[in-house]
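Contents: one structure, followed by commentary.
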Amino acid sequence: MLTFMEGLLILGMFLVRVGVPLLVMIALGYALSRLDARWQAEADAARQAPAR
């Protein structure tokens, strides 16, 4: 039978195993979203710049 501390350890390790990859994916999605917005702004600025 599991003790309380063993149960907490199992729960904690499960949360680490699920939580860390989830946080990495959220951070990567946020970074790519910002990069896309920057590229979109650069493309809009280049489109509105007068042609030489």
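Name the residue from Met13, Ala43, Ile26 whose Cα lies farthest towards the positive end of the charge dipole of the chain, charges +1 on Cβ of Lys and Arg and -1 on Cβ of Asp and Glu.
Ala43
Quick check for me: using +1 on Lys/Arg Cβ and -1 on Asp/Glu Cβ, what's the dipole size of the chain about its Cα centre, in debye to the nearest 20?
240
State the label only: which of [x] 46; [y] 113; [z] 90 corresponds to volume of the Cα convex hull per residue in Å³ computed from the shown model?
For volume of the Cα convex hull per residue in Å³, the calculated option is [x].
Please work out how much length the chain gains when fully extended from Leu28 to Leu2, using 0.36 nm per residue of separation minus the C-alpha to C-alpha distance, in nm with one decimal.
Result: 5.6 nm gained on full extension.
How tilted is helix 4-48 with respect to the longest principal axis of the chain? Cα atoms for both, answer in degrees (0 to 90, nearest 10).
0
Each value in this text was obtained by applying a stated rule to the coordinates, not by laboratory testing. Since the structure is predicted, the reported quantities are computational estimates derived from the model, not experimental observations. Note that each Cβ is placed from the backbone with ideal geometry, even for glycine, and that neighbours are counted across all protein chains shown.
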